[in-house]
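Remarks on the structure that follows.
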Amino acid sequence: HRLILLFLFLLFIPSVLFFLFILFLLSFFSVLSLLTYLFAIFGTATIGYALLALFGTVGIAALVYAVLVEPYIIVATQWKLPFPLPMALRVAIVGDFHAGPFKGKRFVERVVKKVNRQQPDIIFLVGDFLYDGKASPEPFAALKNLRSKYGTFAVLGNHENSHVLRHWRTHREEVHLT
């Protein structure tokens, strides 16, 4: 996957640089005066094709980012909340795995490692484990490696179906979920 991402990244660098150059130009000229100038030099059809190529390239780059890059980003955010508790409590809230055609076992293992590095006292898994009802819940065997003082608690999300619920009930003890 990394080789493919590197190839796509190198493929789209010129397109991104061209797009940034156009944005730079737009900061000096109004859109209307720039288009008037370009139409006078190149003609209507040429400008139309150039704009089509520009927007097509930007669209493809956005699609590649949305499918191959963004889904693999794992974000950990920490907040200190002023709750009147007798002790400090570190809570991990994890959700929206959406495992399926783009993310699988390795992604879930990365999430588990990142959560464990936070050393939570309690973990809440808040659903949307699967991409769709056809995806296998097998990647979630790695959840058994989640570590917390007071346990791990899970609820299913709107992406899970009765097949997943049956699997969860059968294997709940294997992954130490409540």
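Which residue is nearest to Phe97 (Cα to Cα), if the candidates are limited to region 113-146 and must be part of a loop (DSSP other than H, G, I, E, B) and aliphatic (A, V, I, L, M)?
Per the criteria, the residue is Val126.
Scan region 92-127 residue by residue and report those that are charged (D, E, K, R), surrounded by fewer than 14 Cβ atoms within 10 Å (Cβ to Cβ) and closer than 18 Å to Leu156 by Cβ.
Within region 92-127, Asp96 is the sole residue that qualifies.
If you check Lys149 against the conditions, is it farther than 23 Å from Ala66 by Cα, not aromatic (Phe, Trp, Tyr) and not in a helix (DSSP H, G or I)?
yes
Here is a list: Phe102, Phe29, Phe9. Which entry is modelled with pLDDT under 80 and under 27 Å from Leu130 (Cβ atoms)?
Phe102
Val75 is checked against (1) open to solvent by 50 Å² or more (accessible area, probe 1.4 Å); (2) farther than 30 Å from Val16 by Cβ and fails just one. What number does that condition carry?
Unmet condition: (2).
The values are calculated or read from the model by the stated rules, or taken from the named source; none is laboratory data. Note that this is a predicted model, so its numbers are computed, not measured. All Cβ positions, glycine included, derive from the backbone under ideal geometry; neighbour counts span all protein chains shown. Side chains included, ligands, DNA and RNA excluded: accessible areas come from the protein's heavy atoms. Shrake-Rupley method; radii C 1.70, N 1.55, O 1.52, S 1.80 Å.
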